[in-house]
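J.: What follows is a single structure, and I will ask about it in a moment.
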Amino acid sequence: MVEAGAEDPGLLAELPSEALRAQARAMLNPSASRGQLPPQGTVRVTVTDPGPAPFREQPLVASCRCGCGEQVGRRSNYRPGHDARHASQIGRAMIAAGAENPVLLAELPSEALREKARAMLVNRSPTRGLLQPDSASVRHSSQERPAVESEALPVPPGDSSEQQGAEAVMLAALGERLGLALAPTRLYLPDGSRVAVDGVSTSPAVLVEAWAHQGPTKPAQRNKVLADALKLVYVASQLPGAHRKVLCLSDEEAARPFLGRSWYAGALRSMDVEVEVVPLGEEWRERVLNAQARQYR
């Protein structure tokens, strides 16, 4: 209207509120603009009423890459401090697997964070804490201490490190199959509860619980898998947006009860919980079988 030099009712009708129409009329009035019109393209209009998209300025947001579900700005990958949390999650997953995992490392957006995750793998063993003694520990030569003190302690019957390592391998393989990276994540839900999920991907949104058991299942073990499924359903209901829910198993026989015509297989299907079978390599399968024999499972 400024260029035309007159008020145009047709153009004014395109504005959704009288406040905006009055502001447009004020631009036409030289006294309202104090004798100088602002340069074209630099006028910022503050909208208080809902209107068409061109009149609303909304910042782009994304989810924090660590999987916590919190939102970050369009130029940020993490909430403050969550980058270190994400690197630690990837590091712990590789520790459990006992090897570096390029797929998991690719989830980290910078080489500095990838080095932090690799350092955790170098400095820790899969089943015990630090490989190196604390700085306060006293070092002794082989002459000062008998060799028997360096012998490994027997593995407790209930130790589950083999299963944890196998499940990390399963999650990495499932991620490759689905074309995404899965990382173990502790989620803080809107209702105030906290829950740890074996594998989480934010883009696309996927929640995974893994179980490395080999062979037939007992009733208590089936209940454990069903409890994992219930966790997935509950977490997905608390998070914004739709999440794919997956139970990841590694043995066809162990998965059979959840894929057939049993009531719990039907319940999983009714809740949109998928069952994916990711077979373990022979070495990991033997480790899990030996652990189950030790644990009487």
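J.: What does the extension gain come out to for A22 and E282, with contour length at 0.36 nm per residue minus their alpha carbon separation?
T.: Once the chain is fully extended between A22 and E282, it gains 86.0 nm.
J.: So, one more: Just to be sure I understand: of the beta bridges DSSP finds with both ends in the range 150-297, what percent are antiparallel, rounded to 5?
T.: Restricted to the range 150-297, the bridges split so that about 45 percent are antiparallel.
J.: Place +1 on the Cβ of every Lys and Arg and -1 on the Cβ of every Asp and Glu in the range 170-297, take the dipole about the Cα centre, and give the residue among A181, A236, N223 whose Cα lies farthest towards its positive end.
T.: Positive-end residue among those listed: N223.
J.: Could you tell me the accessible area of D272 in Å² (1.4 Å probe, neighbours in place), rounded to the nearest ten?
T.: Counting only protein heavy atoms, the figure is 110 Å².
J.: Give me the extension gain from L178 to V195: residue separation times 0.36 nm, minus the current Cα-Cα distance, reported in nm with one decimal.
T.: Going from the current span to full extension adds 3.8 nm.
J.: Quick one: Cα centre-to-centre distance for the range 242-295 and the range 68-82, in angstrom?
T.: The two parts, judged by their Cα centres, are 33 Å apart.
J.: Sorted from largest down, give the three principal axis spans of the alpha carbons of the range 163-265, whole angstrom values.
T.: 37, 28, 23
The values are calculated or read from the model by the stated rules, or taken from the named source; none is laboratory data. Because the structure is predicted, anything quoted here is derived from the model rather than measured. Neighbour counts run over all protein chains shown; Cβ positions are idealised from the backbone, glycine included. These accessible areas exclude ligands, DNA and RNA; they are computed on the full protein's heavy atoms, side chains included. Shrake-Rupley method; radii C 1.70, N 1.55, O 1.52, S 1.80 Å.
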